[in-house]
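To keep things clear, I will list the structure first and then write my remarks on it.
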Amino acid sequence: MFGSLLGLGGGIIVIPVLTLLFKINIRYAIGASIVSVIATSSGAAAAYVREHLTNLRVAMVLEVATTSGALTGAYLAGKLSGRWLYIIFGLVMGYSSLMMFRKRHETVGEITRSAPWADYLRLHGRYYDEALGQEIVYRVVGTRIGLGLMYLAGVVSGLLGIGSGALKVPAMDLAMHLPIKVSTATSNFMIGVTAAASAGVYFMRGDIDPFVAAPVATGVLIGATVGARLLGRLQSSTIRAVFVVVLLWVSVQMLLKGVRG
Amino acid sequence: MGLGADVVERGAWVTASQGPLSPAGDETEERVRRVELLISNLLRIGVSVSLVFMIVGTIVSFIRHLEYLSSAAELQRLTQPGAAFPHTLPEVVAGVRDLRGRAIVTLGLLLLIATPVVRVAVSIFAFIHQRDRIFTLVTIVVLCLLLLSFVLGKVE
């Protein structure tokens, strides 16, 4: 449920619960978490796309960057030390959580910056905000920076085998100035594709145990459906606040992992 | 949700460059809306069907192996390393034919994994239908990269 609300896959929560609480082998835990990412994504996206919260065009364009990044990541895996990766990842997320925290009082303002790429690709959009009871029209900027950041997010997911929604949301929020609800819904939509690529590999490797993955997927699907109903109704500032807390928590976890080795 | 959706039903996704007064605007909007519904339904069906397979498979497993219900140790063994479960397509197909619970659950998981891939593939046709050359190309590139990652993953 948290996953679908924040545009994260929830792998961050699933893996520790399975390994620590249910004493399940880490291999199967990772396999199950990949499947749960897809479950979250598809389960919630069905609702978000219908409600216009997902910006399909932005998602498609950025998926080029994430999938090519994921390929690069898969290629680099084994050539890079996982330890440094965790430290870098942790620092990046810590930084973006601070940036998002600083932005917390900012309301959606008129953006007048020119955006040739976004204009050309017709990325701008609008959605109906249930909490505010009005339609929000937004412009997209910084498409190129967004693409660059998404490429990096893709590399990270290829290397670590995660959906890396924690990197996608800040990229769309900070660089492209998408409204937070659109960012989380669009990230949610995209992580399914990233995770599907890894899931195929994990499946063939025999890391997806049906009796671990299926119950997790079932639970996550139900949670994602409930979460999806909530997103439209919540205040943007609430979503942002929760996201910042989760992001900080993940970055600390990553840093600890990196430092401990 | 119901209320909000009706209000935005029309008028959404008209983009600045297109202009609300362009004669093709209404038609384009209608097409975009259809694509959104198509993708939404596709995801919903993919998720529901895979859910059914997973639940049916689990039930079948428990019926065929009643010992799972009485012995926690037996159940525990299913989730330990070395547990035998199908992880190639032919194995899954053969298992489903024999009505093996594990294979049915695995089929459900595979359908779940395939859903986002099918979504990308269907989007290609949607963009062709919309005569949107750039986005047709963008989507084809995404699908190719996705399939490439499957192939490369297999080699490793």
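The values are calculated or read from the model by the stated rules, or taken from the named source; none is laboratory data. Keep in mind that this is a model prediction, so the values were computed, not measured. All Cβ positions, even for glycine, are placed from backbone atoms using ideal geometry, and neighbour counts span all protein chains on display.
Quick check: anything in the stretch A:189-200 more than 13 Å from every other protein chain (Cβ to nearest Cβ), in contact (Cβ under 8 Å) with a residue 24 or more places away in the chain and small (Gly, Ala, Ser)?
No, every residue in the stretch A:189-200 fails to be more than 13 Å from every other protein chain (Cβ to nearest Cβ), in contact (Cβ under 8 Å) with a residue 24 or more places away in the chain and small (Gly, Ala, Ser).
Could you grab me the full set of residues in the stretch A:32-55 that are more than 13 Å from A:VAL14 (Cα to Cα) and either out of contact with any helix residue (DSSP H, G or I) (no Cβ under 8 Å at 6 or more places or on another chain) or more than 7 Å from every other protein chain (Cβ to nearest Cβ) (or both)?
A:ALA44, A:ALA47, A:TYR48, A:LEU53, A:THR54, A:ASN55
Among the residues of the stretch A:201-246, write down those that are among the charged types (D, E, K, R) and facing another protein chain (nearest Cβ under 10 Å).
If the condition is that a residue be among the charged types (D, E, K, R) and facing another protein chain (nearest Cβ under 10 Å), then A:ARG205, A:ASP207, A:ASP209, A:ARG229, A:ARG233 are the ones that fit.
Do we have any residue at all in the stretch B:149-156 that's at pLDDT below 85, surrounded by fewer than 20 Cβ atoms within 10 Å (Cβ to Cβ) and not in a helix (DSSP H, G or I)?
At the first step, the residues of the stretch B:149-156 found to be at pLDDT below 85 are B:149-156.
In the following step, the residues that additionally are surrounded by fewer than 20 Cβ atoms within 10 Å (Cβ to Cβ) were identified as B:150-156.
Checking which are not in a helix (DSSP H, G or I) leaves us with B:156.
Looking for residues that are at pLDDT below 85, surrounded by fewer than 20 Cβ atoms within 10 Å (Cβ to Cβ) and not in a helix (DSSP H, G or I), one finds at least one in the stretch B:149-156, hence yes.
For the stretch A:12-29, indicate whether the set of residues that are modelled with pLDDT under 70, part of a loop (DSSP other than H, G, I, E, B) and within 26 Å of A:SER183 (Cα to Cα) is non-empty.
Within the stretch A:12-29, not a single residue is modelled with pLDDT under 70, part of a loop (DSSP other than H, G, I, E, B) and within 26 Å of A:SER183 (Cα to Cα).
For a quick check of your reading of the model, give me the residue pairs whose first member lies in the stretch A:237-253 and is over 16 Å from A:VAL14 (Cα atoms), whose second is surrounded by fewer than 14 Cβ atoms within 10 Å (Cβ to Cβ), with beta-carbon atoms closer than 6 Å and at least 6 apart or on different chains.
Qualifying pairs under 6 Å: A:ARG240/A:ARG104.
Where residues in the stretch B:34-51 are within 8 Å of another protein chain (Cβ to nearest Cβ) and surrounded by fewer than 15 Cβ atoms within 10 Å (Cβ to Cβ), which of them is farthest from A:GLY192 (Cα to Cα)?
Here the residue is B:LEU37.
Could you please tell me which pairs satisfy a Cβ distance under 6 Å, a separation of 6+ or placement on different chains, a first residue in the stretch B:95-114 that is among the small types (Gly, Ala, Ser), and a second residue that is not in a helix (DSSP H, G or I)?
B:GLY95/B:PRO86; B:ALA103/B:PRO86
Would you please list the contacts, defined by Cβ atoms under 8 Å and residues six or more apart or on different chains, that run from a residue in the stretch B:55-68 that is more than 9 Å from chain A (Cβ to nearest Cβ) and surrounded by 15 or more Cβ atoms within 10 Å (Cβ to Cβ) to a residue that is at pLDDT below 80 and outside any helix (DSSP H, G or I)?
Going by the 8 Å Cβ cut-off, the qualifying pairs are B:VAL60/B:LEU99; B:VAL60/B:ARG100; B:TYR68/B:LEU78.
Against the condition at the interface with another protein chain (Cβ under 9 Å from one of its Cβ atoms) and at pLDDT below 90, how does B:THR136 come out, does it pass?
Details: at the interface with another protein chain (Cβ under 9 Å from one of its Cβ atoms): no; at pLDDT below 90: yes.
Judged against the criteria, B:THR136 is not a match.
What number of residues within the stretch A:201-222 satisfy the criterion of being in contact with a Phe, Trp or Tyr (Cβ under 8 Å, 6 or more places away or on another chain), part of a helix (DSSP H, G or I) and touching a residue at least 40 places away in the same chain (Cβ under 8 Å)?
Number satisfying all stated conditions: 3.
Have a look at A:LEU178, A:LEU174 and point out the one that is assigned to a loop (DSSP other than H, G, I, E, B) and touching a helix residue (DSSP H, G or I) at 6+ places or on another chain (Cβ under 7 Å). Working first, answer last.
On the way: A:LEU174 fails: assigned to a loop (DSSP other than H, G, I, E, B).
None of the others qualify; the one that does is A:LEU178.
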